[in-house]
Amino acid sequence: MTVPDRRVALVTTLVGLVAFVVLAVWLVPWHPVPGGDLQPAEPGSVFTPEQLDRAEDFARQARLWSWTSLAVSLAVACWLGLTRRGRALFSRLPGRWWVQVPLAVALVELLRRVVTLPFAVLLRRERLDYGLTEQGWGAWAVDLLKGELLSIVLTSLGLLAVLACARRWRRAWPAIAGAGLGVLVLVGSFVYPLAVEPLFNHFEPLPDGSLRTAIMQLADEEGVTVDDVLVADASRRTTTLNAYVSGFGGTRRVVVYDNLVDDLPQDETLSVVAHELAHARHGDVITGSLLGASGGLVAAGLLSLVLARVRRRGGPGLTDPAVVPLVLALVAIASLVTSPVSNTISRQIETRADVDALRTTRDPDAFIAMQTQLGLRSLNDPTPPAWSQVWFGSHPTGLTRIALAERMRRLEADGSEPD
């Protein structure tokens, strides 16, 4: 039986929590908006009544199916992991422990996918009805299968690493496993653009021309080293407009969606790219990775404390495959509970990138036009419930971003906006 030292678990948790707080205070921009907090722009000043009705109708349906899917998935995970009957399904898995772990992960993930598949289908039908995708059902199913396989593989690797640490260092494993999870997060951020992104998109270099030249000039102005500018064939899956800068070090590249290049004027495209280059300039990928690594320490420490309590009550230990659904249930609960924290941090970082993009391009009109087009094409809810935005909103709303552009324009006109 694996019995970690309680003091090790407590210290691991405390170190991870302190590191997270210090990194968040140090690296996260908590007051990125010049002039203080913003009030979103009036919806009627940006969209017509028909456009607002269409976006809000879709958002209501999307929330219904998404939140129902989340609730059902969480309920299944909790039944499998927190009840004796649920865990009994995993008591007779074949093979050694390193075979049983991925089998248990696959069983949990596939069961959760099966029970939530009807909601995914209903949401996709809504997206088709509203013209948000032209992807065929077959291609959609292939992407869904790829996502499930990727989730199973990555989750299995993480749990195998934790269990291997627990078997090798029976009393100190929380600290070692937490550090190992942190390393995996950092390594994953580095290899993701090379190993994972090509599974879901095809990339081609952006041809030489005025747009590529302008993007490289933006990168030079921002002091960002970019290895390449690629175009992703995202239009086969979505009408949403986007771009991103992925990786860091030797894997950094700007990726623009093909519909962004084809459908928007160049000044609006550059507004999107400037936002993404701001993320790279501030090292936001590394910031997220470091916060994730410190979160791994907290998770390992708390996990050991919870499992020790469960074990004392006759529950599974880390050598029992029945611990896999328990761990996955705890992860699902923790992810939901901590969503307000992670999404609040994300919104602050996104806002800083918007501010930097507006300062770099000095073109608030292009920024506003781009945000308007993004809202029309993706049908993002222009006025989500406040609690929903706090809990699930990883980005500021489109109307908030438009208000930011209006403020930056006023500050520049008044001569009070710092360079």
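The values are calculated or read from the model by the stated rules, or taken from the named source; none is laboratory data. Small disclaimer: the values here were computed from a predicted structure and weren't measured. Cβ coordinates were reconstructed from backbone atoms using ideal geometry, including for glycine residues, and neighbour counts include every protein chain displayed.
What the table shows:
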quantity	calculated
Verdict on L291 being part of a helix (DSSP H, G or I) and over 19 Å from D354 (Cα atoms)	yes
Pick from region 12-70, criterion among the polar types (S, T, N, Q), assigned to a helix (DSSP H, G or I) and out of contact with any Pro (no Cβ under 6 Å at 6 or more places or on another chain), ranking: nearest to R407 (Cα to Cα)	S45
Meets criteria (over 30 Å from E126 (Cβ atoms) and of a type in the set (V, I, T)) for V21	yes
Residues located in region 202-225, provided they are surrounded by fewer than 18 Cβ atoms within 10 Å (Cβ to Cβ) and assigned to a loop (DSSP other than H, G, I, E, B)	H202, P207, D208, G209, G223, T225
Residue count for region 106-126, restricted to those that are charged (D, E, K, R) and free of Cβ contacts under 8 Å to residues at least 24 places away in the same chain	2
Members of region 168-185 that are aliphatic (A, V, I, L, M), in contact (Cβ under 8 Å) with a residue 24 or more places away in the chain and buried (at least 16 other Cβ atoms within 10 Å of the Cβ)	A172, A175, A177, A179, L181, L184, V185
Where Q266 falls short, out of the listed (1) more than 19 Å from the chain's Cα centre (by Cα); (2) at pLDDT below 90; (3) under 18 Å from V229 (Cα atoms)	(2)
The lone exception for V254 - which of (1) touching a Leu at 6+ places or on another chain (Cβ under 9 Å); (2) in a helix (DSSP H, G or I); (3) under 26 Å from T240 (Cα atoms) it fails	(2)
Conditions (1) touching a residue at least 40 places away in the same chain (Cβ under 8 Å); (2) within 30 Å of G375 (Cα to Cα); (3) surrounded by 15 or more Cβ atoms within 10 Å (Cβ to Cβ): number failed by Y244	(1)
For I402: the one exception among (1) β-branched (V, I, T); (2) over 21 Å from the mean Cα position of the chain (by Cα); (3) surrounded by fewer than 22 Cβ atoms within 10 Å (Cβ to Cβ)	(3)
Where a residue in region 16-38 is without any contact (Cβ under 8 Å) to a residue 12 or more places away in the chain and its partner, wherever it lies, is among the acidic types (D, E) and surrounded by fewer than 17 Cβ atoms within 10 Å (Cβ to Cβ), with Cβ under 7 Å and at least six apart	none
Residue list for region 331-352, filter: under 15 Å from G398 (Cβ atoms) and either of a type outside the set (S, T, N, Q) or surrounded by fewer than 18 Cβ atoms within 10 Å (Cβ to Cβ) (or both)	R347, E350
Qualifying residues in region 187-201 (those that are surrounded by fewer than 16 Cβ atoms within 10 Å (Cβ to Cβ) and not in a loop (DSSP other than H, G, I, E, B)) - the one nearest to the chain's Cα centre (by Cα)	Y192
Test for P325: is it in contact (Cβ under 8 Å) with a residue 40 or more places away in the chain, over 30 Å from H282 (Cα atoms) and outside any helix (DSSP H, G or I)	no
Residue list for region 139-180, filter: assigned to a helix (DSSP H, G or I) and more than 25 Å from the chain's Cα centre (by Cα)	L163, A164, C165, A166, R167, R168, W173, P174, A175, I176
Test: L82 is at negative phi, surrounded by fewer than 17 Cβ atoms within 10 Å (Cβ to Cβ) and touching a Leu at 6+ places or on another chain (Cβ under 8 Å)	yes
Near pairs, Cβ below 8 angstrom, 6+ apart or cross-chain, from region 212-223 (closer than 18 Å to H279 by Cβ) to any residue that is assigned to a helix (DSSP H, G or I) and among the basic types (K, R)	E222/R281; G223/R281
Positions within region 98-147 being surrounded by 15 or more Cβ atoms within 10 Å (Cβ to Cβ) and basic (K, R), in sequence order	R112, R113, R124, R127
